[in-house]
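Everything on this sheet refers to the single structure shown next.
The values are calculated or read from the model by the stated rules, or taken from the named source; none is laboratory data. Just so we're clear, the structure is a prediction, and the values are computed from it rather than from any experiment. Glycine also receives a Cβ, built like all others from the backbone with ideal geometry; neighbour counts cover every protein chain displayed.
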Amino acid sequence: MADSGYKIRNQEAIYYCTFSIVYWIDIFTRPIYRDIVLESLRFCQKEKGLIVYAYVIMSNHLHTIIRSETGKLSDTIRDFKSFTSKQIIETIKETPESRREWLLWMFQRAAKKHKRNVEYQVWKHDNHPEELESNKFLEQKLEYIHQNPVRACIVQNPEEYLYSSAGAYADMPGLLTITKIE
């Protein structure tokens, strides 16, 4: 793969990352798959030192502002994507899913395009990480994340979207504990 310029060079810095589903498949229209992401983020916070400053789960991607307390952000992201991929595939296979055959076929199709995949590929390999070196850039990305559901016409106000950290920034309870950027 060519060097896109987007790499996690400083493992202890704050990064804006986007995790996208292959072929932009809208897997997160179902709460069961969004909940897998949330549970895995909680695990990474508790067990791997992941600090989540902001997030939003959209229908086919996840935006985050994150940092690693342990200095192993790349490893944490790799483990997060690997675990959630396996959980999503297992859930597709084991629970009622009207798109089961199509979803599995698409994830198998994506896996065949990369030799490092085994049977399925759920996430795109690139995370498009951007180090947030200035307060202005950090605030822009925070605003972008929280406005995502508004731009998608899902809600009128960012804090109304349940699968986002916007509510926490409005001092409302949320689904994931975050560290607010002050």
Report task. Restrict the check to region 97-104 and report whether at least one residue is assigned to a helix (DSSP H, G or I) and within 30 Å of Glu182 (Cβ to Cβ). Result -> no
Query raised in the report: Which residues, counting only those in region 1-31, are part of a loop (DSSP other than H, G, I, E, B), modelled with pLDDT of 95 or more and either exposed (fewer than 15 other Cβ atoms within 10 Å of the Cβ) or not charged (D, E, K, R) (or both)?
Result: Ala13, Ile14, Ile25, Asp26
Report task. Would you mention how many residues in region 53-91 are part of a helix (DSSP H, G or I), of a type outside the set (S, T, N, Q), in contact with a Ser or Thr (Cβ under 8 Å, 6 or more places away or on another chain) and within 20 Å of Trp105 (Cα to Cα)? Result -> 1
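When you go through Arg42, Arg34 one by one, which is the residue that is at pLDDT 95 or above and buried (at least 18 other Cβ atoms within 10 Å of the Cβ)?
Just one listed residue meets the conditions, Arg34.
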**Report entry** Filter result (over 17 Å from the mean Cα position of the chain (by Cα) and either hydroxyl-bearing (Ser, Thr, Tyr) or surrounded by 11 or more Cβ atoms within 10 Å (Cβ to Cβ) (or both)) within region 113-123
**Finding:** His114, Asn117, Tyr120
Query raised in the report: Is it true that Ser74 is out of contact with any His (no Cβ under 9 Å at 6 or more places or on another chain), free of Cβ contacts under 8 Å to residues at least 60 places away in the same chain and surrounded by 14 or more Cβ atoms within 10 Å (Cβ to Cβ)?
Result: no
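Residues checked against (1) surrounded by 19 or more Cβ atoms within 10 Å (Cβ to Cβ); (2) closer than 15 Å to Ile21 by Cα:
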{"site": "Glu47", "(1), (2)": "no, no"}
{"site": "Val56", "(1), (2)": "yes, yes"}
{"site": "Leu62", "(1), (2)": "yes, yes"}
{"site": "Glu94", "(1), (2)": "no, no"}
{"site": "Ser98", "(1), (2)": "no, no"}
{"site": "Trp102", "(1), (2)": "no, yes"}
{"site": "His125", "(1), (2)": "no, yes"}
{"site": "Glu131", "(1), (2)": "no, no"}
{"site": "Ser134", "(1), (2)": "no, no"}
